[in-house]
1. Could you check the stretch 91-127 and list, in sequence order, the residues that are assigned to a helix (DSSP H, G or I) and among the hydrophobic types (A, V, I, L, M, F, W, C)?
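We did not get these values from a lab; they are worked out from the coordinates using the rules stated. All figures in this text were calculated on a predicted structure; none of them were measured in a lab. For neighbour counting, all protein chains shown are included, and Cβ atoms are generated from backbone atoms with ideal geometry for every residue, glycine included.
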Amino acid sequence: MEQLKWTERKFDFGFKKEYLPFMLERIKATTSRIEEMVRNVPEVKLEEKPGEEWSVKEHIGHFIDLEELHQARVEQFKEGLTELRPADMANKKTYEADHNKRKVAELIAELKKVRAHFISSIEQIVEEKLDHKALHPRLQKQISITDLAYFVGEHDNHHLTIMSGLLRRTAV
């Protein structure tokens with residue numbers, strides 16, 4: 001079955017701030033899911049690129065590359081800004097990074113570090129900022145920090161699903 005493209009996904013937001021712990025728990029689990037997925041898979045398999053698709057390592061690197069954007073958006077919520085920073089929809093950083101040259105363990109370790117910082121930043125937001133909303137530039141919807149955490153979790157799951165499919169296709 002063909003997977004829906006990320007840019008074609010539609011989102012309904014409006015999660016109450018009480019949902020934030022659930023959203024954070026979900027995105028905390030991303031690195032564990034990756035570790036389980038790549039366990040005992042040779043590095044060379046994690047570097048395979050079917051056609052124009054990214055390899056598993058490149059998907060992991062993409063998570064790392066996006067943490068800068070996620071972190072910037074958290075800071076924008078803290079500052080009370082009304083519009084969030086747009087993403088680079090061309091994913092230039094990921095295409096230029098050459099993540100396949102790195103060991104998967106290094107990529108996962110870096111993702112754990114930057115993701116922990118992102119989660120910690122959200123956990124430090126004062127209660128009254130949790131209700132603040134800002135415009136998501138691509139979706140043209142008002143979102144809260146809880147909605148952002150949901151969105152990041154959905155994005156993680158999107159790429160994890162692709163990675164899983166890649167590994168099934170290249171299984172020996």
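1. Ala97, Val104, Ala105, Leu107, Ile108, Ala109, Leu111, Val114, Ala116, Phe118, Ile119, Ile122
A quick yes/no check of all residues on (1) under 20 Å from Ile27 (Cα atoms); (2) β-branched (Val, Ile, Thr):
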{"position": "Glu110", "(1), (2)": "yes, no"}
{"position": "Ile122", "(1), (2)": "yes, yes"}
{"position": "Ile125", "(1), (2)": "yes, yes"}
{"position": "Glu128", "(1), (2)": "no, no"}
{"position": "His136", "(1), (2)": "yes, no"}
{"position": "Lys141", "(1), (2)": "no, no"}
{"position": "Ile145", "(1), (2)": "yes, yes"}
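Conditions tested, residue by residue: (1) within 18 Å of Lys103 (Cα to Cα); (2) in contact with a helix residue (DSSP H, G or I) (Cβ under 6 Å, 6 or more places away or on another chain).
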| position | (1), (2) |
| --- | --- |
| Ala29 | no, no |
| Val38 | yes, yes |
| Lys45 | yes, no |
| Pro50 | no, no |
| Trp54 | yes, no |
| Lys57 | yes, yes |
| Phe77 | no, yes |
| Met89 | no, no |
| Lys92 | no, no |
